[in-house]
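Colleague: Right, I'll just put the structure down here and ask away after.
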Amino acid sequence: MRPFVYQRAADVPSAVMACTGQAMYLGGGTNLVDLMRLGVAAPEVLVDVTRVPFDTIEETPGGGLLIGAGLRNSDLAAHPLVLRNYPMLAQAVVAGGSGQIRNMATVAGNLLQRTRCSYFQDITKPCNKRVPGSGCPAREGDHRNLAILGHSEACVATHPSDMAVPLAALGAVVHVEGRGGPREIPMPGFHRLPGDEPDRDTVLEPGDLVTAVELPALPFAARSRYRKVRDRASFAFAVVSVAVALDMADGVVRDCRIALGGVAHAPWRAERAEAALRGAPATAGEFARAAEAELAQASPLPRNAFKVPLARNVLVRTLLDLMIHDNGEAS
Ligand SMILES: Cc1cc2nc3c(=O)[nH]c(=O)nc-3n(C[C@H](O)[C@H](O)[C@H](O)COP(=O)(O)OP(=O)(O)OC[C@H]3O[C@@H](n4cnc5c(N)ncnc54)[C@H](O)[C@@H]3O)c2cc1C
Ligand code: SF4
């Protein structure tokens, strides 16, 4: 590992001031330190932001939640307001990593963790995300767990975060403090599709510090679910995942929010499926049609075509679960 300078920031202004040149912020370190050991990341300065007092959850005047960027994943998943108002978010966080990792990992660090594409993590291999212009061996090589939606010639990686999937479904807003002052970035829109710049995972600029994530008030998100399919029962990243919130009345879908994970370079908001469902009868047939409408855009690679029917089935199953739950509660 390359030698680096360690600094501990006490507050947001001193953190932003310290993060210049080849400096990086350090959250729980559960991804960044691994990448430093592998030689994938080599910051000259680490600005530790775990003592910055932004690790709380507050209710907003509009009825949503403001989640501090430094809040540990375990504390987010266990918070009573998250469990009651946004259960799919709590379920997604608990589906990630292990108890020990969630105790260390922060909200901002989870959103900003890097892809687990094996070529990205191996500095002996070319990779456009790690070394722009060097090529993408995953296209012809190991892409079983890579993207089926929104990828480019340059990169077919997926974003690994579970937490980001319900955040995209909810339309969360990421609060950022940069050298030009504060700004707010809505999700989707925070993570990028790869295009011809796969080295950029997000729209953040150098030195930008994520300070909070704001959840809008969405009463029907109290009926929501996160479902993750993975190669083993724990400690594995999503092959496909789905976050769904469903608002039904008299057997009709009044509104819904849907996002998919494990399928693209960013959490994938399923806008076509949402549009197909709004106002439609809540039936298995309509759920299948909505899922087909979304997955019609997929362009799988030879060894990940299985993700298309998998994503469709996981979405339909999750909608059915919520519908049955809804009917059960109503009766
Ligand atoms: C074995 C293993 C299994 C895992 N499985 C899963 C899984 O199934 N699902 C899942 O979602 N995750 C999983 N994770 C990922 C884990 O959740 C992430 O490593 C973690 O969320 C990163 O958080 P951190 O605070 O440790 O970030 P760090 O490692 O400290 O940082 C990650 C990135 O965020 C940047 N950063 C940190 N804080 C800020 C800030 N406030 N503003 C701007 N930039 C910032 C850092 O510079 C770095 O680039 C797994 C990790 C491991 C090691
Ligand atoms: S898919 Fe992206 S991260 Fe993986 S090798 Fe290709 S360019 Fe690198």
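The values are calculated or read from the model by the stated rules, or taken from the named source; none is laboratory data. Just so it is clear, the model here is predicted, and its values are computed rather than measured. Here the Cβ positions follow ideal geometry from the backbone for every residue, glycine too, while neighbour counts run over all protein chains shown. Accessible surface areas use protein heavy atoms only, side chains included; no ligands, DNA or RNA. Shrake-Rupley method; radii C 1.70, N 1.55, O 1.52, S 1.80 Å.
Colleague: Between Thr56, Thr106, Thr124, where does the largest GNM mean-square fluctuation fall for the chain, given springs only between Cα atoms within less than 10 Å?
Modeller: In the Gaussian network model the winner is Thr124.
Colleague: Right, another one. Regarding the stretch 125-233, what whole-number volume in Å³ per residue does the convex hull of its Cα atoms give?
Modeller: Cα convex hull per residue, to the nearest whole number: 137 Å³.
Colleague: If you wrap a convex hull around the Cα atoms of the chain, how much volume per residue is inside, in Å³?
Modeller: 131
Colleague: Right, next: Please turn the phi angles of the stretch 69-74 into ³J(HN,Hα) values with the Karplus equation 6.51 cos²θ - 1.76 cosθ + 1.60 (θ = phi - 60°), one per residue in order, whole Hz, x for glycine and proline.
Modeller: 5, x, 4, 6, 4, 4
Colleague: Of Gly135, Ala77, Ala157, which is farthest towards the positive pole of the stretch 60-188's charge dipole, taken about the Cα centre with +1 and -1 on the beta-carbons of Lys, Arg and Asp, Glu respectively?
Modeller: Going by the Cα projections, it comes out as Gly135.
Colleague: For helix 307-330, report the angle its Cα long axis makes with the longest principal axis of the Cα atoms of the chain; keep it between 0 and 90° and round to the nearest 10°.
Modeller: Between the helix axis and the principal axis of the chain, the angle is about 60 degrees.
Colleague: Using the Karplus curve 6.51 cos²θ - 1.76 cosθ + 1.60 with θ = phi - 60°, work out ³J(HN,Hα) for each residue of the stretch 47-59 in order, rounded to whole Hz, and write x for Gly and Pro.
Modeller: 9, 6, 10, 6, 9, 5, x, 10, 10, 10, 10, 10, 6
Colleague: Label the stretch 129-182 by shape, choosing from rounded, prolate and oblate, from the square roots a ≥ b ≥ c of the eigenvalues of the Cα gyration tensor; if a/c is under 1.5 it is rounded, and otherwise prolate applies when a/b is larger than b/c, oblate when it is not.
Modeller: oblate
Colleague: Pull out the extension gain between Glu292 and Ser118, defined as 0.36 nm times the separation in residues minus the alpha carbon to alpha carbon distance; nm, one decimal.
Modeller: Extra length available between Glu292 and Ser118 comes to 59.6 nm.
Colleague: In a Gaussian network model over the chain where Cα atoms closer than 10 Å are linked, find which of Leu149, Leu218, Leu260 has the largest mean-square fluctuation.
Modeller: Leu218
Colleague: Oh, and also: Whenever you get a sec, line up Lys307, Lys125 from highest to lowest accessible area (probe 1.4 Å, protein heavy atoms).
Modeller: Lys125, Lys307
Colleague: Then there's this: Working out 0.36 nm times the residue gap between Arg278 and Ser14, then minus their Cα-Cα distance, what length gain in nm do you get to one decimal?
Modeller: On the way: separation 264, 0.36 × 264 = 95.04 nm, distance 4.66 nm.
My answer for the length gained is 90.4 nm.
Colleague: From the gyration tensor of the Cα coordinates in the stretch 86-157, what semi-axes in whole Å does the equivalent ellipsoid have, largest first, with each one equal to sqrt(5λ)?
Modeller: 28, 14, 11
Colleague: So how exposed is Ile67, as accessible area in Å² (1.4 Å probe, rounded to 10)?
Modeller: The accessible area of Ile67 comes to roughly 0 Å².
Colleague: Can you report the principal axis dimensions of the stretch 1-90 using only the alpha carbons, biggest first, rounded to whole angstrom?
Modeller: Principal extents (Cα only, largest first): 45, 28, 16 Å.
Colleague: Then there is this: Counting other Cβ atoms within 10 Å, which chymotrypsin sites (Phe, Trp or Tyr not before Pro) in the stretch 221-256 have at most 13 and lie in a DSSP loop?
Modeller: Here the chymotrypsin sites (Phe, Trp or Tyr not before Pro) that fit, given the DSSP loop and packing criteria, are Phe235.
Colleague: Quote the FRET efficiency, to the nearest 0.05, computed for Arg139 versus Arg37 with a Förster distance R0 of 30 Å and r equal to the Cβ-Cβ distance.
Modeller: It comes out at approximately 0.65.
Colleague: So how tilted is helix 284-295 from the main axis of the chain? Cα-based, degrees 0 to 90, rounded to 10.
Modeller: Once rounded, the angle reads 30 degrees.
Colleague: Then there is this: Let's test the formula: R0 of 25 Å, r as the Cβ-Cβ distance of Asp255 and Thr56. What FRET efficiency results, to the nearest 0.05?
Modeller: It comes out at approximately 0.25.
Colleague: From the Cα gyration tensor of the stretch 245-331, with a ≥ b ≥ c the square roots of its eigenvalues, which class applies: rounded if a/c is under 1.5, or else prolate if a/b is larger than b/c, or else oblate?
Modeller: prolate
Colleague: Sticking with this structure for a sec: Given Ala10, Leu65, Asn110, which one lies farthest toward the positive end of the charge dipole of the stretch 1-117, if we put +1 on the Cβ of every Lys and Arg and -1 on the Cβ of every Asp and Glu?
Modeller: Asn110
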